[in-house]
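The values are calculated or read from the model by the stated rules, or taken from the named source; none is laboratory data. Every value quoted in this text rests on a predicted model; they were computed, and no experiment measured them. No Cβ is skipped: glycine too gets one built from the backbone with ideal geometry, and neighbour counts run over all protein chains shown. Only protein heavy atoms, including side chains, enter the accessible area calculation; ligands, DNA and RNA are left aside. Shrake-Rupley method; radii C 1.70, N 1.55, O 1.52, S 1.80 Å.
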Amino acid sequence: MAEMEKQGAVRLNSAQLDRVTKAAFTFKEGHGGGCAEPVVNRDFIGKDPAILAQAAGVNLPDKTQLLFAETDRHHPFVVEEQMMPFIPIVRVPSVEDGIAAAKAAEHNYKHTAMIHSHNVEHMTAMARALDTTLFIKNGPCMAGLGAGGEGYLSFSIATPTGEGVTNPKTFTRVRRCVMVDNLRIY
């Protein structure tokens, strides 16, 4: 998190996180257990970090690209796809617990997962556990689409439809496992 701050990301404290969560999500009654389910506020999707920060009561430095905060594994920013410039950080006691938490947050959609590690066994364990179409190691998720990673640039057609990264010739699903930086073989 300190490195993220050094690179210009802005950390929200718990009060700021609460404010932005209340703005970014509405809550509807759940199915069965009566728990309120988060629903993303579409007014925030794809917006500049300054818009989110304003909802949190924060003035951002110019050119800030990312907000982040520590959350628990059940926080709406973890369990809901939000498509906003915000990253929830969840602390876990072990890599096994982290993989289990990531699998729960991914909801078995089998779309995209990423890991940052120098331990190939940890990467392999996560790849096997989540079994996603895109699995990115040591890089940004966009590397799985060809932006700074392996292969040609191609966007994904959501995995729940049975498709994924496609190519323009056949539009067939291609599974891609991407290694970025230090562990790549040149």
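The magnitude of the dipole of segment 90-133, with charges of +1 and -1 set on the Cβ of Lys/Arg and Asp/Glu and taken from the Cα centre, is near 100 debye.
Taking amide H atoms as placed 1.01 Å from N in the peptide plane, the amide H of F25 lies under 5 Å from those of N41, each 5 or more residues away in sequence or on another chain.
Once backbone amide H atoms are built at 1.01 Å from N, V92 has no partners under 5 Å, excluding neighbours fewer than 5 places away on the same chain. Computed from point charges on the beta carbon alone (+1 for Lys and Arg, -1 for Asp and Glu), the dipole magnitude for segment 70-143 about its Cα centre is near 160 Debye. Sparsely packed loop sites in segment 49-148 (the GluC sites (Glu not before Pro) outside DSSP H, G, I, E and B with at most 15 other Cβ atoms within 10 Å) comprise E81. The label-point distance for A50 and T26, in a model that sets each label 7 Å from Cα toward Cβ, rounds to 2.7 nm.
Among residues other than F86 with Cβ under 13 Å from its Cβ, the summed charge is -1 (Lys and Arg +1, Asp and Glu -1).
Taking amide H as placed 1.01 Å from N in the peptide plane, the amide H of E37 sits under 5 Å from that of K28, E29, G30, each at least 5 places away or on another chain.
Computed over Cα pairs, the Kirkwood radius of segment 1-120 leads via Stokes-Einstein (1.002 mPa s, 20 °C) to a diffusion coefficient of 138 µm² per second. Binning the C-alpha pair distances of segment 60-142 at 10 Å intervals from 0 yields a P(r) profile of 16, 49, 29, 6, 0 %, listed from the shortest bin outward.
Couplings 3J(HN,Hα) for segment 47-60, derived from phi with the Karplus relation 6.51 cos²θ - 1.76 cosθ + 1.60 (θ = phi - 60°), are 7, 5, x, 4, 5, 5, 4, 4, 5, 7, x, 10, 9, 8 Hz, where x marks Gly and Pro.
The trypsin sites (Lys or Arg not before Pro) of segment 29-118 that meet both conditions, a loop assignment by DSSP and at most 12 other Cβ atoms within 10 Å of the site Cβ, are K63, R91. Rolling a 1.4 angstrom probe over segment 1-108 with all protein chains present gives an accessible area of which 51% lies on carbon and sulfur atoms.
For segment 36-121, what is the accessible area per residue in Å², given a 1.4 Å probe and the full set of protein chains? Don't jump to the answer; show the numbers that get you there.
Details: 5220 Å² over 86 residues.
Here the residues of segment 36-121 average 61 Å² of exposed surface.
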